[in-house]
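To start, the structure itself, in structure tokens.
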Amino acid sequence: MDYLQNIFGKTVAGAYSARANPDAMVSTPLLWDELGDDLDPRDFTIETAPARIADVGDVWAAQMKERNSLRALV
């Protein structure tokens, strides 16, 4: 959970987008079993993301196939 994205008026970093910082960390969807005390966001960078996606796949692929209803949101 990136609590810094929960600020009024803040734009949201999309999944798999690189952050504008010197470490070039990548916003990375995780599997539930990856959450734990040893989780370090610095492990997900533009250098490591391609290998992770090749290994784990696109974690959000199934959810992104479902359409969202704008009517339900308003």
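Observations on the structure shown:
- Condition broken by Asp55, with the remaining ones in (1) among the charged types (D, E, K, R); (2) in a helix (DSSP H, G or I); (3) surrounded by 11 or more Cβ atoms within 10 Å (Cβ to Cβ) satisfied: (3)
- Considering residues of the range 58-73 that are outside any helix (DSSP H, G or I) and more than 17 Å from Val26 (Cα to Cα) only, the residue modelled with the highest pLDDT: Lys65
- Number of residues in the range 15-50 that are among the charged types (D, E, K, R), in contact (Cβ under 8 Å) with a residue 12 or more places away in the chain and either in contact with a Cys (Cβ under 6 Å, 6 or more places away or on another chain) or surrounded by 12 or more Cβ atoms within 10 Å (Cβ to Cβ) (or both): the value is 1.
- Scanning the range 19-44 for residues being over 25 Å from Gln63 (Cα atoms) and modelled with pLDDT under 90 gives a total of 5.
- Odd one out for Val12, checked against (1) at pLDDT below 85; (2) surrounded by fewer than 10 Cβ atoms within 10 Å (Cβ to Cβ); (3) assigned to a loop (DSSP other than H, G, I, E, B): (2)
- Among the candidates Val74, Val26, the residue that is β-branched (Val, Ile, Thr) and in contact with a helix residue (DSSP H, G or I) (Cβ under 8 Å, 6 or more places away or on another chain) is uniquely Val26.
The values are calculated or read from the model by the stated rules, or taken from the named source; none is laboratory data. Since we're looking at a predicted model, the values are computed, not measured. Neighbour counts run over all protein chains shown; Cβ positions are idealised from the backbone, glycine included.
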